[in-house]
Amino acid sequence: MNRSYLIVLLFSVFFCRCTDRNIIDSEDYSSEDTVKIIPVFPDATSRASVSDILTEFYVSAYSGTTARAKNVKYQYDGTAWKATSLITWPAKNTKISFWALSQKFANGDSISNLVFNSKDQNFIYGIDSVKPKDLIFGSYLNTTKAISGGSVRIAFYGALAYPTFKCKQLVKDATLIIDEIIVHNLRTSGKFTYHKTTSSSGTWSNGNEYYGTFSQKLKTPISLPYHATKSTTITDTCWIWIPHAPVKWATTATKPVSISEADAKHQSYVEFKCKISMNGSYVWGGTSAAEYESIYFPFNTNFKSTTYKAAITLNFKQGAVFFADGTPWEPRSGDEFTLAEWRNATVDVDPWEEEEPEDLNF
């Protein structure tokens, strides 16, 4: 009997919401010449790290070419934000700009080449691919004491891409079981540059030539019967990536490129450790509940902006799914899972669209 099988895997980027903690100790601002910094976390568009919320940040400020603050530390003590030193206003109608950054990191995450002066504001960020931490930033540009009333409300946003996976299964009479998701050859270093005219905004460009593999072993394998849709959750841990455009794994049916060759050239691909069952029996990917096999998808999503939500569609059929040697995935001799007809196809990538991000509660 002829069957056509299609598994559509949807990847969606969501944004985790952080706690709104904008209490300021009034004793820190007893002088009318002191700038009152108020951190603000806009609903649904910002988030702190998965494991803990923002507890400290640093502020630099310039009025023209004059430095008013250099990495002044603000720390939350459980009830209020405390500053290590106070920032004072210039003349009442003199413009001043503020740039803020969270610099609390774990593992291998680090900042280098940090530049904050009157002309340029940027840094190189290196992320740990095993247990990465989020990066929080904000800015408030070209204000005066007269305009602000003495208070500066800096909106903080997450600077990194924060995707989870949504999977939809369209294999008739079959169940797809996914145990682990691995994304190979993503950049782990990037250069972040603050926008010069728009507050709390910035762009990423390529940093150092460092690459990493990001894996997510699901606490409970995703089991997808026909037409079911499920998502990974915060309990499986969020992904945290530097926004960039990965180089796509350049394998084709006529010119196979192995994943070892792809690794050498830093070409990106997604690996799924999975299996397929039909009528209660495993027909591909292993004969027991503990066994899984890998399939591979070329991956070239361009994470252009952290304020966008992306949907990437991968079709599980010839021309879109591959073995490790770069040849198209297809039933092998002896497999119970057989396909009578194959159709050539390419990976369908939906364009990035500006949408309202969704909250993930954890």
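No lab work stands behind these numbers, since they all come straight from the coordinates. Owing to the predicted nature of the structure, the values given are computational and were not obtained by experimental measurement. Cβ: placed from backbone, ideal geometry, glycine included. Neighbour counts: every protein chain shown.
Would you please put 172-184, 131-143 in order of how densely packed they are, using the mean number of other Cβ atoms within 10 angstrom per residue and starting with the highest?
131-143, 172-184
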Estimated vicinal HN-Hα couplings, Hz - segment 81-86 in sequence order (Karplus 6.51, -1.76, 1.60; Gly, Pro = x): 8, 10, 9, 6, 8, 9
Karplus-derived HN-Hα couplings along segment 250-263 (A = 6.51, B = -1.76, C = 1.60, θ = phi - 60°), whole Hz, x at Gly and Pro: 9, 8, 9, 5, 8, 10, x, 10, 6, 5, 5, 5, 4, 4
Extended-chain gain in nm, criterion 0.36 nm per residue less alpha-carbon gap, Lys172 and Thr193: 2.8 nm
Using a Förster distance of 25 Å, the FRET efficiency for Ala228-Ser294 (Cβ separation, nearest 0.05): 0.70
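In debye to the nearest 20, how big a dipole does segment 128-203 give about its Cα centre with +1 on each Lys and Arg Cβ and -1 on each Asp and Glu Cβ?
400
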Cut-off under 5 Å, modelled amide H: who pairs with Tyr269 long-range: His184, Phe299
5 angstrom amide H check on Leu160, placed H, neighbours 5+ away: Leu135
Estimated distance in nm for a label pair at Asn71 and Glu56, the labels positioned 7 Å out from Cα along Cα-to-Cβ: 1.2
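Report, in listed order, any pair from Lys145/Lys196; Lys230/Lys275; Lys131/Lys168; Lys119/Lys265; Lys191/Lys273; Lys73/Lys217 with a Cα-Cα distance greater than 25 Å.
On the way: Lys145/Lys196 20 Å; Lys230/Lys275 16 Å; Lys131/Lys168 27 Å; Lys119/Lys265 36 Å; Lys191/Lys273 33 Å; Lys73/Lys217 37 Å.
Flagged as over cut-off: Lys131/Lys168; Lys119/Lys265; Lys191/Lys273; Lys73/Lys217.
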Other-chain or far-sequence residues with amide H under 5 Å of Ser139's (modelled H): Ala100, Ala155, Ser200, Ser201
Backbone HN-Hα couplings from phi across segment 173-181 [Karplus 6.51/-1.76/1.60, Hz, Gly and Pro as x]: 6, 10, 10, 8, 10, 10, 9, 8, 10
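Does segment 166-280 come out rounded, prolate or oblate, given a ≥ b ≥ c as the square roots of the eigenvalues of its C-alpha gyration tensor, rounded meaning a/c under 1.5 and, failing that, prolate meaning a/b above b/c?
Working: a/c = 2.58, a/b = 1.54, b/c = 1.67.
It is oblate, given that a/c is not under 1.5 and a/b is not larger than b/c.
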